[in-house]
Amino acid sequence: MSKKPLTQTGIDMLSFSLTGNVTPPQWYKSITHENGKPDAIAVTLLSEIVYWYRPTEERNEPTGGVTGHHRKFDADKLQRSYTSFADEFGFTKNQVKAAIKNLQDKGVIDLEFRTIKPHGQAINNVLYIGLNVARLKELTYPSEIINTPLCNSNGTGMPLELGTYTEINAEITPKNKENTFADVPSAHTPAPSDLEHETPAQEGSLPPESVEQDYPPVAISVDCQAEIATLFDDPPAPAAPAAPPKPAGPNKNAIRAQLEAHFCAKTKLPPPHSKTAREKKAAGSLWWSPLREIAELCEWDAARAEKLICLTVDHLRSGKMTIANPNSILKTATAIYTGNVPGVKMPHEKKLQKITLIHSDGTLEEVEEYV
């Protein structure tokens, strides 16, 4: 084969260095929505997660040989938030949550929410993402069984699985070659007229797969028939245990409406207009989404969320800050909840939880504390 010379575009690409994540095309077939279409957002996020889990090589500078590997992140699992994914790739937070949920349902990742103390202050619900490498290989290299028909001279055949074969060791000598199939009695012996018009067998064609023959019937007693029948009866499948009812979660829409009414009562601001499509869009971004984030921050505890709104509004108004909507207080509320506003402390409910402490040497320690 003659070599094809580079075009000018190919020459220009020689000096163009590309870096980034790796996305196998098979993922667009393995990672799909319920309707069968590819989940492009989930594929993008999985590519990012896999990048962080790929070990970094350590090389010897004089020889260039690989001396070891180390992970890219500090903890035992990758710590990322929904917001960080959304900001990096330009998705919305809800799109990221749906894509992560799809990857979790397919078993390629697992989610773990931990409580950590980076600077002595406990932070709840920190998301850590684990990667299932065995499941990742299944999604990337799915096993396929190729069935190839093996046909004889009359067009009938049987499927042949890839990787299987039958070895025939019987030697056909000139003496038994003529009588190989001549002495076998057949119930379908062709008539002489059929033989005259029969198509000659091609060289290399297979012999008939089976020969039918009539045998005299054998009498079997009724007791023996019943005993034989029990040998092939499948045992009844055990009844599947009923799934326990799922505990009812918080009514998030009702909590969001409760926080909206509390915010209006605290700030003396009227509720947003939501009659037209434009008004609904503005209310969603400036009112409803920030209130949902405050509720999520407080684990959908309405009382704690109301307390956080009160502390935030009082702090902003003490500094002569203007409050126009819940979006105006979202960043300050987050800072107060995490303890990053001097002089303002959010009272947290004391709960006994397992806390994973990360020491300076990289070791992990699980302890139980009231946080």
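Contact annotation: residue pairs with Cβ atoms under 8 Å, 6 or more positions apart or on different chains, pairing a residue in the stretch 243-272 that is at negative phi with a partner that is at pLDDT 90 or above and among the polar types (S, T, N, Q), are Leu269/Asn325; Pro272/Asn325.
Residues checked against (1) loosely packed, with under 10 Cβ neighbours inside 10 Å; (2) free of Cβ contacts under 8 Å to residues at least 60 places away in the same chain; (3) under 22 Å from Gly107 (Cα atoms):
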{"site": "Asn21", "(1), (2), (3)": "no, yes, yes"}
{"site": "Ile31", "(1), (2), (3)": "no, no, yes"}
{"site": "Glu34", "(1), (2), (3)": "yes, yes, yes"}
{"site": "Ala40", "(1), (2), (3)": "no, yes, yes"}
{"site": "Glu48", "(1), (2), (3)": "no, yes, yes"}
{"site": "Arg54", "(1), (2), (3)": "no, yes, yes"}
{"site": "Asn60", "(1), (2), (3)": "no, yes, no"}
{"site": "Thr63", "(1), (2), (3)": "yes, yes, no"}
{"site": "His70", "(1), (2), (3)": "yes, yes, no"}
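The residues on offer are Ala75, Ala86, and the sole one that is over 15 Å from Leu139 (Cα atoms), part of a loop (DSSP other than H, G, I, E, B) and of a type outside the set (Lys, Arg) is Ala75.
The residue of the stretch 72-93 that is nearest to Leu297 (Cα to Cα), among those that are surrounded by 15 or more Cβ atoms within 10 Å (Cβ to Cβ) and free of Cβ contacts under 8 Å to residues at least 12 places away in the same chain, is Lys93. Checked against the criterion of being part of a strand (DSSP E or B) and either under 19 Å from the mean Cα position of the chain (by Cα) or not hydroxyl-bearing (Ser, Thr, Tyr) (or both), the stretch 10-24 contains not a single residue that satisfies it.
On the stretch given as the stretch 34-86, residues that are of a type in the set (Gly, Ala, Ser) and in contact with a Phe, Trp or Tyr (Cβ under 7 Å, 6 or more places away or on another chain) total 1.
Would you check which residues across the stretch 278-300 are more than 30 Å from the chain's Cα centre (by Cα) and touching a residue at least 40 places away in the same chain (Cβ under 8 Å) and list them? Leu286, Trp287 - these are the residues of the stretch 278-300 that are more than 30 Å from the chain's Cα centre (by Cα) and touching a residue at least 40 places away in the same chain (Cβ under 8 Å).
Of the residues Ala324, Ala302, Ala295, the single one that is small (Gly, Ala, Ser), at pLDDT 85 or above and more than 29 Å from Gly120 (Cα to Cα) is Ala324. Filtering Leu46, Leu103, Leu6, Leu111 for residues that are assigned to a loop (DSSP other than H, G, I, E, B) and over 25 Å from Gly284 (Cβ atoms) leaves a single hit, Leu6.
The values are calculated or read from the model by the stated rules, or taken from the named source; none is laboratory data. The structure displayed is predicted, hence computed values, not measured ones. Note that each Cβ is placed from the backbone with ideal geometry, even for glycine, and that neighbours are counted across all protein chains shown.
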